[in-house]
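Structure first, then comments.
The values are calculated or read from the model by the stated rules, or taken from the named source; none is laboratory data. Please read these numbers as outputs of a predicted model, since none were measured by experiment. Here the Cβ is made from the backbone with ideal geometry for all residues, glycine too, and neighbour counts use every protein chain on show.
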Amino acid sequence: MTELLNNDALSEEADKLAPEDGATRASMPPPPSVRRIRPREFRPSDVALLLLSALSAFSIVWILFTQLTLMNGPLGFVVIWIPLFLGMYWLVNRQLFTRQVAIDRLIGSIVTMGAILMMLPLVLLTIFVFQRGLKQLSWKALTSTQEGVVYAGAGSHGNAIGGVAHALVGTLEQVALAAIIGIPAAVLTAVFINEVGGRFTKSIRVIVTAMSGTPAIVAGVFIYSIWVLRFSYSGFAGALALAIILLPTVTRGTEEVLKVVHNDLREASIALAAPEWRTVWSVVLPTARSGLITSILLGIAVSIGETAPLIMTIFGNQVMNANPFSNPQMALSLLAYKQIKLPIQSQIDLGYTSALVLFILVFAVFILARLLGGNWKRRGGSRRSMLSAVRWTPASSMDPTSQEISNTKEGAVDV
Amino acid sequence: MSDVLNAQESESGTLVASSASSAVTSLRIDGVTAAELEAKGVYAWFGERCVLEDVNLVMERTKVTALIGPSGCGKSTFLRILNRMHEIVPSAALAGQVELDGDDIYDANQRAATIRRHIGMVFQRPNPFPAMSVRDNVLAGLRFNKIRSNHKDEIVEEALSKAGLFSEVKDRLGDLGGALSGGQQQRLCIARALAVKPAVLLMDEPCSALDPGSTLRIEQTIQEIAEEVTVVIVTHNMQQANRVSHSTAFFLAQDGNPGYIVETGPTKDIFTNPQDPRTADYVSGRFG
C-alpha cells in the first residue's frame, strides 16, 4: 500500500513484480530459481553501450578535427559529435536488438539531451556567478556598505572595497513591500477571473496578459512620473515598480492553479451552503495551496532580480538607508549593475559578489517556499499522519491532479 | 422559511443545525427532523432547451425515494433543482414550485444558502475537501455556516457513526480526507452532509464510482439514516433502487424531448406490477 503512494518508478516496479514475489520480499529472499524480470531496467550492459557509443563518436570527431582537417572550436566539435553519437547509438542497438528498441532508445536519448540542454545554462550560470562572486565574499563584505569608498583599487589604504550590506537591506525591504502590495492584488485578480467571473473577466485577462509583456523599464518610467517626480527617490517607489512586475506573473500563475482545482469541490462547498467567499477561502485556495505558493514565489523571484525599474525609482546610493520611505536606497541587482561598470577589478568582483548574494537569496526563498508548501500546520492542532506525509511529496503537491490520481489508485486497491 | 422551519423544530422538539448554539442534543433522541419535499409542476431549461416537463412528485418524510430512468432523462437536473443547485449553471432556468414542508424554496424571500443547509447533497464522485482532515471535512458545513459549537467531537462522532465510517477512521481523524479509500471518501461525504443535520438528503448516483462492497455499505447507511432524514436518491442501478427505496419515480426523455415522470409509486409496485408498459420495459431491462 505505501509503495503505491509513492507514485514513482518504485511503485511501478512493485506493480510489475508478481504478487507472490511482493509477499516474500518482506519476509525472506526469494528462492534462487525465481528470476526477476524488470523490463524497464537499464542494465550495466546498456550503460556500457551508451558510453561506448558516445566515446567512439567522440574519437571519430577528434580524429576528424585534429588529424584530418584543420577545424577547431568546441562548438563545432559538439555539433558534429551529437548527431554522430545518435547515429552510432542507433546503429549499435539496431545490431543487437529489434528496430523498435533501437528507435525507442534513439528517441529516448534525444529527449534526455533536451533536458540536459535545458539544465546547461543554469549550471553554467551558477558556476560562473560562484566563481566570480566568491572572490570578494566575506563577512566584511556582507556587513559593510560602500560609505566612504575611494575607488582606487585594492592596494590603497582606507575603505577601498566596501560591501553589499546596504544593497541587501534595500532589496529585502523593497521586495517585501512589493510582495505586500502586489500579491494580495494578484491573488484577488486571479480569484476574480477564475471564481467570480462576470462581464469583465475577458478584458481583465487581456490586460493581465498585456501587462506581463510590458518591458520592465516601462514600469520604472511609470512610477518615476507618478511618484518620484512628486515625492522623491525612495525604496517604496522601487517597491511600487516591482509590484507592477510581480502582479501579472502571480496573477497568471494563480489563475492556472485555480483552474486545476476540480469543480466537484466547489459544488460540494456550495451544497454545504457555503457563501462564495467561503468556497474560495476554505476550499479552493487551500486545495491549490502548493501551486499558489509556487506562483507567488515565481513572482517574487522575478521581481527580486529586476534592475531596470529600480534605476529610476530607488536611484541607488552608497550608504545604509534602512528607511524605504525616504531618500535613495540601493538594491543588490542595481549594485551589481553599477559595480560591474567600474574600471577597478576589486569593485567589479564586488559586483559579482552582489550578484552571488542575490542568487543565494532567491535560492533561500525557494527552499523556504518548499518547506512552507510541504508542512503547513493546520488550525485545530490536527496532526498529519505518515500516510499523508508520503502523499504530500513535492511532486504530488505541485499539482492537485497527480494527487487525485494517487487517490484513485489507492481507492482501487484498498476497497 | 426559517420561521416555519424553526416552528417545525420546536414542534418536533428536536434541534437542527440552525439552532447550533445548543446543537448538542443527538438527533437520535427525538427521531425526526426530516421534512417532506414536494415538487409541483417543475420545468427546467438549459438555455433554450427544455429538459424537464411538468414534474410532480412527493418525497415523503423519512422515506427513501428513488429516481430511476435512462441517461439524460433529467433525473440529476431534477435532483439539483431540489436544493437550488440548478441555478449555479449560468444558462439554467426553471418553473414550478418545490415545497419543503409547505414552503416554496424558490420563493423570492428565500436565501439559497439556507435552503442548501436544510437540504444536503451527496455527489456522484466522492469529493471530500483534499486540503482538510477527516475531522475538518465533517465539520466543514458548520464552519461554512458560522455555526459554533463546543461539542465538535460529539458532532464528528455522531455524523461519522451515522455514515457507518466512525469505527474505520476513529484513529485517523487527523488524516487528510483524500487519504481514505473511495468508498470511505463517499461515506465521509455523507457524514459531511449529515453533520449540519439536514431535513432532506439528496444523493446523485452515490455508488456509481464505487465497487460492490462499498456500494453495500452505503446502501446500509442510506437505510439507517432514512429513519431521521428524507432521502432522495438518483440511481442507474435498478437493484439498488429496489433494495433501498420505499417509493420510486421513473423518468423518461424520448427523442430529445424534455424528460417527464412516466410513473411513480411504491417501489414494490413499480418493480413487480408497473402500470405503464414503458416502466415495465425499463425495469425488466428491455431498454435503457
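A:Val302 satisfies every condition listed in (1) more than 9 Å from every other protein chain (Cβ to nearest Cβ); (2) over 15 Å from the mean Cα position of the chain (by Cα); (3) modelled with pLDDT under 90 except (2).
One residue is enough: does the range A:265-285 have a residue meeting the conditions of a type in the set (Asp, Glu) and not in a helix (DSSP H, G or I)? Quick ask: steps written out before the conclusion?
Kept after step one, since they are of a type in the set (Asp, Glu), are these residues of the range A:265-285: A:267, A:276.
This time we only want the ones that are not in a helix (DSSP H, G or I), so: none.
Looking for residues that are of a type in the set (Asp, Glu) and not in a helix (DSSP H, G or I), one finds none in the range A:265-285, hence no.
Is it the case that some residue within the range A:309-318 is modelled with pLDDT under 90 and either outside any loop (DSSP other than H, G, I, E, B) or within 14 Å of chain B (Cβ to nearest Cβ) (or both)? Yes, there is a match, as at least one residue in the range A:309-318 is modelled with pLDDT under 90 and either outside any loop (DSSP other than H, G, I, E, B) or within 14 Å of chain B (Cβ to nearest Cβ) (or both). Scanning the range A:271-316 for residues that are of a type in the set (Ser, Thr, Tyr), surrounded by fewer than 22 Cβ atoms within 10 Å (Cβ to Cβ) and closer than 30 Å to A:Gln146 by Cα yields one hit, A:Thr307.
Would you call B:Ser214 free of Cβ contacts under 8 Å to residues at least 12 places away in the same chain and not in a loop (DSSP other than H, G, I, E, B)? Spell out the reasoning first.
Working: free of Cβ contacts under 8 Å to residues at least 12 places away in the same chain: no; not in a loop (DSSP other than H, G, I, E, B): yes.
So B:Ser214 fails the test.
Take the residues in the range A:156-168 that are touching a helix residue (DSSP H, G or I) at 6+ places or on another chain (Cβ under 9 Å) and assigned to a loop (DSSP other than H, G, I, E, B), then tell me which one is modelled with the lowest pLDDT. Selected residue: A:Ala160. Note on the range B:166-182: among residues that are at the interface with chain A (Cβ under 7 Å from one of its Cβ atoms) and surrounded by 23 or more Cβ atoms within 10 Å (Cβ to Cβ), the one that is modelled with the highest pLDDT is B:Leu176.
Looking at the range B:229-288 only, could you name the residues that are assigned to a loop (DSSP other than H, G, I, E, B) and either among the β-branched types (Val, Ile, Thr) or crowded, with 23+ Cβ neighbours inside 10 Å (or both)? If you could, list the steps in order and put the result at the bottom.
Our first condition is that a residue be assigned to a loop (DSSP other than H, G, I, E, B); within the range B:229-288, this holds for B:229, B:235-237, B:245-246, B:253-258, B:273-276, B:284-288.
Hits for the range B:229-288 are B:Val229, B:Thr235, B:Ser245.
May I ask you to say which residue of A:Ala288, A:Ala268, A:Ala301 is touching a residue at least 60 places away in the same chain (Cβ under 8 Å), in contact with a Pro (Cβ under 9 Å, 6 or more places away or on another chain) and among the small types (Gly, Ala, Ser)?
Working: A:Ala268 fails: touching a residue at least 60 places away in the same chain (Cβ under 8 Å); A:Ala301 fails: in contact with a Pro (Cβ under 9 Å, 6 or more places away or on another chain).
Going through A:Ala288, A:Ala268, A:Ala301 in turn, just one is touching a residue at least 60 places away in the same chain (Cβ under 8 Å), in contact with a Pro (Cβ under 9 Å, 6 or more places away or on another chain) and among the small types (Gly, Ala, Ser): A:Ala288.
Condition check: more than 11 Å from chain A (Cβ to nearest Cβ), over 23 Å from B:Asp136 (Cα atoms) and touching a residue at least 24 places away in the same chain (Cβ under 8 Å). Does B:Val234 satisfy that?
Values: more than 11 Å from chain A (Cβ to nearest Cβ): yes; over 23 Å from B:Asp136 (Cα atoms): yes; touching a residue at least 24 places away in the same chain (Cβ under 8 Å): yes.
So B:Val234 fits the description; yes.
Restricting attention to the range B:96-107, does a residue exist that is under 18 Å from the mean Cα position of the chain (by Cα), closer than 20 Å to B:Thr248 by Cβ, crowded, with 16+ Cβ neighbours inside 10 Å and not acidic (Asp, Glu)? Looking for residues that are under 18 Å from the mean Cα position of the chain (by Cα), closer than 20 Å to B:Thr248 by Cβ, crowded, with 16+ Cβ neighbours inside 10 Å and not acidic (Asp, Glu), one finds at least one in the range B:96-107, hence yes. Per the conditions (1) over 30 Å from B:Ala241 (Cβ atoms); (2) part of a loop (DSSP other than H, G, I, E, B), the sole criterion not satisfied by B:Pro206 is (1).
The test for being closer than 23 Å to B:Phe144 by Cβ, touching a residue at least 40 places away in the same chain (Cβ under 8 Å) and more than 13 Å from chain B (Cβ to nearest Cβ) holds for A:Thr254. All told, B:Gln275 falls short of being away from every other protein chain (no Cβ under 14 Å) and free of Cβ contacts under 8 Å to residues at least 12 places away in the same chain.
Taking helices (runs of 4 or more DSSP H) that fall entirely within the range B:97-165, which contain at least 3 residues that are within 7 Å of chain A (Cβ to nearest Cβ)? It would help to see each step written out before you state the result.
Values: elements: B:112-118, B:134-144, B:152-162.
Here the list reads B:112-118, B:134-144.
Please find, within the range A:177-197, the residue that is nearest to A:Ser282 (Cα to Cα) out of those that are surrounded by 19 or more Cβ atoms within 10 Å (Cβ to Cβ) and of a type outside the set (Gly, Ala, Ser). Break it down stepwise before answering.
Our first condition is that a residue be surrounded by 19 or more Cβ atoms within 10 Å (Cβ to Cβ); within the range A:177-197, this holds for A:177-179, A:182-183, A:186-187, A:189-191, A:193-194.
From the residues that got through so far, the ones that are of a type outside the set (Gly, Ala, Ser) too are A:177, A:183, A:187, A:189, A:191, A:193-194.
On the way: A:Leu177: 26, A:Ile183: 18, A:Val187: 15, A:Thr189: 18, A:Val191: 13, A:Ile193: 18, A:Asn194: 16 Å.
Checking each candidate, the answer is A:Val191.
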